[in-house]
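A short worksheet on the structure shown next.
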Amino acid sequence: MDNMQAPSVGGVRLPKGSGETIRLPRGASLTDFAEKIDANPASLVQVLFHLGEMVTATQSVSDDILELLGGEMNYNVQVVSPEEEDRELLETFDITYGEDSGEEEDLQVRPPVVTIMGHVDHGKTRLLDTIRKTKVRESEAGGITQHIGAYQIETELDGNPRLITFIDTPGHEAFTAMRARGANSTDIAVIVVAADDGVMPQTVEAINHAQAAKAPIVVAINKIDKEGANPDKIRQQLTEYGLVAEEYGGDTMFVEISARQNINIDGLLEAILLTADAALDLRANPDMEAQGVAIEAHLDRGRGPVATVLVQRGTLRVGDSVVAGDAYGRVRRMVDEHNVDVTEALPSRPVQVIGFTSVPGAGDTFLVVDEDRVARQIAERRSARTRNALNASRRKRVSLEDLDSALKETNSLNLIIKGDNSGTVEALEASLLQLDVGDEVELNVVHRGVGGVTESDIDLATASDAIVLGFNVRAQGKATERATREGVDVRYYTVIYQAIDEIEQALKGMLKPEYEEVELGRAEVREVFKSSKIGTIAGCLVMSGEIRRNARARLLRDGTVVAENLPISSLRRFKDDVVEVREGYECGLTLGSYGDIKVDDVIETYEQREKPRA
Ligand code: GDP
């Protein structure tokens, strides 16, 4: 090819870069790309077509395609993750999120933030209540205690007053859901185990979730007032999960309590503080504009949007301009967990903030900015981005198919294993860990458990970029929906060696996607109507197979694909809405809002089916 000329593929002239770097958000479309290089989106569509990829201008495309296209035109494409993008957005306002400003000596000790986790009915809620009731700070006892999502208590260690913040939503689900959104709110996990019941599936799940977050654990052996309580059995059982009591030579603190009878709650609080002091360096700079995370938010009828934020660094004050996710506002009022007005909140302090113009999401990061205008601009740009990302695509995380590139970055593959009984789960885990995949690659089982694939498994997978393996189980509740939204790869197996085989192949970079397109039917356009209400209606004759409502379709003109991935959004025979129309029959249909339909075009409908594995 002549160097002086613009490059061309399949006769399409392309704008030619000179190796400069183009940054595109993950899930960008060809239109986004074209905008950056000042080109015509249609020409990019054509180029890709000649490279063997059929996409429309506004459809979101994968990182690989963006890079391929960039390479073709001599641009260096960098795909930017949502987190990076947000960092860059804040940078344009000279803001850094997530770091304490200033020097070492500006940092001051902050209280630990604790989440209580454990099996259902082991006493998490009761424990939170007991701590709240017995440890209310005297001066504030006047206020009526309210649930705002977190509370802070005052206690003593070695004669010094100390504070601890408790997240008031027990369980690891909320904790991991927040982590999946990039917010780490918890420093220490208290795992509650009922002494009369012992270690149960959710105890193990909670331990795995806490460990995946690298949060130190304190074990509270609860219900020691009950007959049949056997704390030593629990110490014994938990050694299997890497939690070895200090008495046994380990470094995990175990505390025997009764949440109901208020026994040894002080001992638990002491253990939390000792663990924090030993394992963590909890300090923050109180002397900066506040930053943190929104942990709960709702629309209050009288007060408007109300959000509980946990300050993580800096000091939050009434009058500050704030932004949390894509919500912004000015702090008009702050109240604490006793419904008492506060004027400022230091690091690790949860407060309810009134003054947002809309409701932030739980897990959104929040920060104070100089002016209302900046807060509004950040919020608006974030919501525009969220809208784009939603329209465009789901977030793409690790899947076995793209493992090759993922491994190059991290060299580890995180797995979550769910199965129908603990024997198979253990067997599968053991075999996987024995796979000989070379030293460079590390296989990590971040969680394993018995039962279906749950939403909280998906959250954990999102937070730790893991792949979920379901063995003889299926998804529960909205897990599939959430996995699709978050782009988590969930794989189901019924034969152990097949699972092992697939992981092994993936690790060796040999796995190919196993989807195939199945044609459902074809129809020829005989007439085209324009309706101001419905849009463009194609009067068709079904030539083969059947046309189904909601199926995916592509439009062919003279044997060439004009548009791809269109929905059959309405389908009629005469005046009646129908679900399907068979070969030899006439029908009227619309392709979403797509309007460029001509007589003699062919509409082909298809679906992607997973190929059964051999
Ligand atoms: P959660 O599902 O873990 O939040 O458990 P709850 O806090 O709802 O407690 C479950 C049941 O155990 C309730 O009936 C509590 O009253 C009871 N319970 C909680 N702690 C104790 C305890 O220390 N001793 C006894 N005997 N019962 C308790």
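The values are calculated or read from the model by the stated rules, or taken from the named source; none is laboratory data. Remember, it's a predicted structure, so these values are computed and weren't measured experimentally. Because the Cβ atoms are built from the backbone with ideal geometry, glycine has one as well, and the counts that use them run over all protein chains shown. Please note that ligands, DNA and RNA were not included when accessible areas were found on the heavy atoms of the full protein model with its side chains. Shrake-Rupley method; radii C 1.70, N 1.55, O 1.52, S 1.80 Å.
Could you go through the range 168-176 in sequence order and give the Karplus-derived ³J(HN,Hα) for each residue, using 6.51 cos²θ - 1.76 cosθ + 1.60 with θ = phi - 60°, rounded to whole Hz, and x for Gly and Pro?
Values, residue by residue: 8, 10, x, x, 8, 5, 5, 4, 6 Hz.
Scan around residue 563 for amide H atoms under 5 Å from its own, H built in the peptide plane at 1.01 Å from N, and keep only partners 5 or more places away or cross-chain.
Here the answer is 555, since their amide H atoms fall under 5 Å of that of residue 563.
With the calculation restricted to Cα positions, what are the radius of gyration and Dmax of the range 155-271 in angstrom?
Gyration radius and largest Cα-Cα distance of the range 155-271: 14.4, 43 Å.
What is the dipole size for the chain, taken about its Cα centre, with +1 at each Lys and Arg Cβ and -1 at each Asp and Glu Cβ, in debye to the nearest 20?
2480 debye
Do any GluC sites (Glu not before Pro) in the range 473-578 lie in a DSSP loop with no more than 14 other beta carbon atoms within 10 Å, and if so, which?
514
Report, in debye and to the nearest 20, how large the dipole of the range 514-611 comes out about its Cα centre when Lys and Arg carry +1 and Asp and Glu carry -1 on their Cβ.
480 debye
Kirkwood Rh over Cα pairs of the range 291-387 into Stokes-Einstein at 20 °C, 1.002 mPa s: D in µm²/s?
Approximately 167 µm²/s, per Stokes-Einstein.
What's the long-distance tail for the range 410-510, i.e. % of Cα pairs beyond 24 Å?
Tail of the P(r) past 24 Å holds 16 percent of the pairs.
Taking 0.36 nm per residue of sequence separation and subtracting the Cα-Cα distance, how much length would be gained by fully extending the chain between residue 340 and residue 87, in nm to one decimal?
87.6 nm
Checking the table 214/418; 226/478; 226/418; 233/478; 478/533; 36/530 against a 28 Å threshold on Cα-Cα, which pairs fail?
Result: 226/478; 226/418; 233/478; 478/533; 36/530 exceed 28 Å.
Might you tell me the accessible area per residue for the range 266-369, computed with a 1.4 Å probe and given in Å²?
Value for the range 266-369: 35 Å² per residue.
What does the extension gain come out to for residue 58 and residue 524, with contour length at 0.36 nm per residue minus their alpha carbon separation?
165.2 nm
Note the per residue figure in Å³ for the convex hull of the C-alpha positions in the range 514-611.
It comes to 91 Å³ per residue, whole-number rounded.
Taking 0.36 nm per residue of sequence separation and subtracting the Cα-Cα distance, how much length would be gained by fully extending the chain between residue 478 and residue 279, in nm to one decimal?
The span from residue 478 to residue 279 would gain 68.0 nm if fully extended.
In the range 157-243, which trypsin sites (Lys or Arg not before Pro) are in a loop and have at most 12 other Cβ atoms within 10 Å, using DSSP for the loop call?
214
Per residue, how much accessible area does the range 410-510 show when a 1.4 Å probe rolls over the protein heavy atoms, in square angstrom?
Averaged over the residues of the range 410-510, the accessible area is 43 Å².
Non-local amide H neighbours of residue 528 (under 5 Å, H modeled in plane, Pro and chain starts lacking H): which ones?
539
Mind jotting down the three principal axis lengths of the range 434-579 based on Cα atoms? Whole angstrom, largest first.
Cα spread of the range 434-579 along its principal axes, largest to smallest: 63, 33, 26 Å.
In whole Hz, what ³J(HN,Hα) sequence does the range 31-43 give by Karplus (6.51, -1.76, 1.60; θ = phi - 60°), x for Gly and Pro?
5, 4, 4, 4, 4, 5, 10, 6, 10, 8, x, 4, 5
Would you mind telling me the share, in percent, of accessible area of the range 227-306 contributed by carbon and sulfur at probe 1.4 angstrom?
Carbon-and-sulfur percentage of accessible area, whole number: 41.
Taking the Cα centre of the range 291-387 as origin, sum charge times position over the Cβ atoms of Lys and Arg (+1) and Asp and Glu (-1), and report the length of that vector in debye to the nearest 20.
320 debye
Taking 1 over the mean of 1/r across every pair of different Cα atoms in the chain, what Kirkwood radius in Å do you get?
One over the average 1/r among Cα pairs gives 27.8 Å for the chain.
Would you please give the residues with an amide H less than 5 Å from that of residue 230, counting only those at least 5 places away or on a separate chain, with H modeled from the backbone geometry?
196
I'd like the accessible area for residue 544, computed on protein heavy atoms only with a 1.4 Å probe and all protein chains in place. Round to 10 Å², please.
It works out to around 40 Å².
Evaluated at 4 °C with a viscosity of 1.567 mPa s, what Stokes-Einstein diffusion coefficient in µm²/s does the range 242-319 have when Rh comes from the Kirkwood expression over alpha-carbon pairs?
80 µm²/s
What's the Kirkwood radius of the range 195-347 in Å, using all Cα pairs?
18.6 Å
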